[in-house]
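Asker: Could you have a look at this structure, given as structure tokens, before my questions?
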Amino acid sequence: MTDTQLLAFALACMWVGGYATGRGRIVRRLVRWADWQVAYASRHSPCFWTAVPILLVSAGCLWVFRPHRTLTNYRAWKARQEPVPVPRRDPDWAARRAHDTNGDT
């Protein structure tokens, strides 16, 4: 085989492989499996430690290929994680409750 034929064969194999990967959604299945393993499997399980690098690589790919969306999602997640401010306790609540004149008593 000449170099041109070898290059054409390699490109055809890459195209078929990429098409099959996209149609089979292997990457999505793999990330879904890894997410489930990290969420529900024991940390002593080999599946858990196999899934951790898969999730790290997928998170890194998101940062590289979709930085704006990833940063927006991170900021939204961080805003949801902030604790709700706890109301301050009024030291005179009992005295004010005893003298409440609303008529609901």
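Asker: So in segment 29-51, with the set limited to residues that are in a helix (DSSP H, G or I) and of a type in the set (Lys, Arg), which one is nearest to Thr70 (Cα to Cα)?
Answerer: Arg32
Asker: Continuing with this model, one more query. Could you tell me whether any residue of segment 83-103 is in contact with a Lys or Arg (Cβ under 9 Å, 6 or more places away or on another chain) and free of Cβ contacts under 8 Å to residues at least 40 places away in the same chain?
Answerer: Checked segment 83-103: at least one residue is in contact with a Lys or Arg (Cβ under 9 Å, 6 or more places away or on another chain) and free of Cβ contacts under 8 Å to residues at least 40 places away in the same chain.
Asker: Being open to solvent by 90 Å² or more (accessible area, probe 1.4 Å) and touching a helix residue (DSSP H, G or I) at 6+ places or on another chain (Cβ under 9 Å) is the filter here; which residues of segment 9-26 pass it?
Answerer: Across segment 9-26, the qualifying residue is only Ile26.
Asker: Looking at Trp63, Trp49, can you tell me which residue is over 14 Å from the mean Cα position of the chain (by Cα) and not charged (D, E, K, R)?
Answerer: Going through Trp63, Trp49 in turn, just one is over 14 Å from the mean Cα position of the chain (by Cα) and not charged (D, E, K, R): Trp49.
Asker: For residues that are in a loop (DSSP other than H, G, I, E, B) and surrounded by 10 or more Cβ atoms within 10 Å (Cβ to Cβ), scanning just segment 52-91, find the one that is modelled with the highest pLDDT.
Answerer: Arg66
Asker: Among the residues of segment 23-51, write down those that are among the small types (Gly, Ala, Ser) and within 17 Å of Leu62 (Cα to Cα).
Answerer: Ala34, Ala51
The values are calculated or read from the model by the stated rules, or taken from the named source; none is laboratory data. Note that the structure is a prediction, hence the values are computed from the model and not measured. All Cβ positions, glycine included, derive from the backbone under ideal geometry; neighbour counts span all protein chains shown. Accessible surface is based on the protein model in full, side chains and every heavy atom, while ligands, DNA and RNA are left aside. Shrake-Rupley method; radii C 1.70, N 1.55, O 1.52, S 1.80 Å.
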